[in-house]
Each structure stands twice: as C-alpha cells, then as structure tokens.
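The values are calculated or read from the model by the stated rules, or taken from the named source; none is laboratory data. Note that this is a predicted model, so its numbers are computed, not measured. As a convention, Cβ positions derive from the backbone with ideal geometry for all residues, glycine included, and neighbour counts pool all protein chains shown. Just so you know, the surface numbers come from the protein's heavy atoms only, side chains and all, with ligands and any DNA or RNA stripped out. Shrake-Rupley method; radii C 1.70, N 1.55, O 1.52, S 1.80 Å.
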Amino acid sequence: MDAECLECVPCVQPQLPAAEEEDSWERANETVGDEEGGEQQDVPDPESAETPLLGDHQKDVICNSEQSVQPLKAWTPTVYSCFGKEYIWCAGYEIIIQESIEGYGGVIWPAAKALSYFLEENQDEYNLRNKNIVEIGSGTGLVSIVACILGAHVIATDLPDILGNLRFNLSRNTKGRCLHIPEVRELTWGHDLQRNFQNPSTVFDYVLAADVVYHHTCLDNLLKTMKYLCQPGTLLLWANKFRFNTDYDFLSYFNRSFETEVLAEYPELEVKIFKAIYKGN
C-alpha cells in the first residue's frame, strides 16, 4: 500500500526513563525508499478535506489502540494511543506531518517551521539542489522534507525511538517530489561519529539543525557533533527558539567555536536563524 494513503498508522514512541534514554542509543544506517505498509482501514474521503492555510495547525484524533492498523514492515511505528496531523504549505506542496503525542521528537517545533520557510524563501542565496545535507535532531522530518523537495540529497538523523515516524513522514511527503531519495540514520550526539560519518568520505555542504538546544543534558555532545560534521566548506544553518538561560549559555560556547551570523528572526515564533562556519577548519 502506498504510504500516501495511510491514515491510521500507530505512531506514539515508547517512553524510556531519562537515564535509559540517554544510554540506549545505538547506530544504524537506513534509507527511506520502497517501503510498504499494511492494509488500509476506514480511509476518509480525500475530497471532503479542505486544504488548510499556511501555518494552520490541525489535530485529528482518528484512531484508538483497538482500531490501529498492524504494519507488516518494521519501519512503521508500532505503539500508539492517538495522533494528530499538521498541514503546512511549503516548497510548493502541502506537507502533511504525522505527529506522535509522546516524546519531544514527535511534534513540530517552532524553529523547524522557521527554517523550512527560510530555505524556501532564500533559494537564490542558499541553493540546495544536488547539495549534500545532514539534519541533526530531525524529529518529525519537516526540515528534511523541505530540503529534499528543494533538490538536496538529505540524511535525516535522530534517536532510535523517533525514526519510525520520521521515516513515514519523509516517505509520504517526498515520493514523486524529490531528485534524491532521503536517508534516515540513527545518531547519538557525540557518540560513534567517526564510524557513522567517516572523514573525508562524507563531506556535507550544509548541516541543518532546528530547536536542538533546550533544557537537556546533551549540549556538550551536541556541540561536539556540530563541530565534527562541519568540515571545510560546510555551512551550518541553525534555527532555535530561546527559552532558558542554558540556551544562551550554549550560544556563548557555540560562538567560541563558530564564526556566527544572524540570518533571520521570526518574532511571531520567537526564533532566530544563524549561519555558522566552524573555526577549526
């Protein structure tokens, strides 16, 4: 069954205690491509749905655990209670993002929207066509989807329990719309970087990051990952909503390692977008 038709997919990610979540991340390289799911149940009439306006946020609880479709392939999320969808018009398409209700990576964060709109609006200056891009902390996949539609070869990364929903969103929204099939990889910030992104064989034109800085205990490893992935010629585009004092502390440390410039601000989202080049190159 085509992923475009899937309307009842389980998507809540399993909950882990904080300590176990930080210690349980492992490596794997996976590609979004010709996946197939289970059989469809109770698909709503697509003609009855209205196309929402840009930025509309719609939550439709359409299933419960007893009605869920049981997937045939492991790439589909397998545990859930309910989920919502968000419709975003960007890069010339309506992008439908499936959100899971549990876990930070299961919803669209403000900076992901801001960075997506920025990439669409500044294609002349930041042309992504045929560029190699890695996104760290991809979450629901919105930024990676937009970059892929704009012509980039994208590697979207996140923690293991986020990848099922990430793969589904990438497949659903890029099929027939992209030059390069996007890739999904597990990535633990600061761990096994050389094994998964070997120098000099992996050189990225852009590293993308949206709302990866908030009140968590992995900020040192995040900075380590950013520096590792930014090789000579790599441009880091980082969008973030600043919420806590620790966010500004990270920015201070970030500025010591990167030549940084504020590219754009979105006051309505309280988001800033930075362009950065690693000083160590």
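Of the helices (runs of 4 or more DSSP H) entirely within the stretch 82-195, those holding at least 3 residues that are more than 20 Å from CYS230 (Cβ to Cβ) and open to solvent by 30 Å² or more (accessible area, probe 1.4 Å) occupy 110-121. Taking residues in the stretch 219-247 that are more than 21 Å from ALA264 (Cβ to Cβ), and partners anywhere that are open to solvent by 30 Å² or more (accessible area, probe 1.4 Å) and assigned to a strand (DSSP E or B), the pairs with Cβ atoms closer than 8 Å and at least 6 places apart or on different chains are LYS227/TYR278; GLN231/TYR278. Among residues of the stretch 176-205 that are modelled with pLDDT of 85 or more, those with a Cβ under 6 angstrom from a residue that is of a type in the set (D, E, K, R) and open to solvent by 70 Å² or more (accessible area, probe 1.4 Å), sequence gap 6+ or separate chain, pair up as GLY190/LYS224.
Scan the stretch 141-151 and give yes if some residue there is free of Cβ contacts under 8 Å to residues at least 60 places away in the same chain, at positive phi and within 14 Å of the chain's Cα centre (by Cα), otherwise no. Yes, the conditions are met somewhere in the stretch 141-151. When the stretch 248-269 is filtered for residues that are part of a helix (DSSP H, G or I) and crowded, with 16+ Cβ neighbours inside 10 Å, the ones remaining, listed by number, are PHE250, LEU251, PHE254, SER257. Comparison of GLY151, GLY137 shows that the only residue that is of a type in the set (Gly, Ala, Ser), closer than 27 Å to GLU99 by Cβ and in contact with a helix residue (DSSP H, G or I) (Cβ under 8 Å, 6 or more places away or on another chain) is GLY137.
Checked against the criteria, ILE277 does not count as part of a loop (DSSP other than H, G, I, E, B) and closer than 21 Å to VAL134 by Cβ. For the stretch 230-247, filtered to residues that are open to solvent by less than 10 Å² (accessible area, probe 1.4 Å) and modelled with pLDDT under 95, the residue that is nearest to TYR214 (Cα to Cα) is ASP247. Could we say that LEU219 is in contact with a strand residue (DSSP E or B) (Cβ under 8 Å, 6 or more places away or on another chain) and either under 18 Å from TYR104 (Cβ atoms) or surrounded by 21 or more Cβ atoms within 10 Å (Cβ to Cβ) (or both) here? No, not satisfied. When ARG172, ARG129 are checked against the criterion of being at pLDDT 95 or above, in contact with an Asp or Glu (Cβ under 9 Å, 6 or more places away or on another chain) and among the basic types (Lys, Arg), a single residue qualifies: ARG172.
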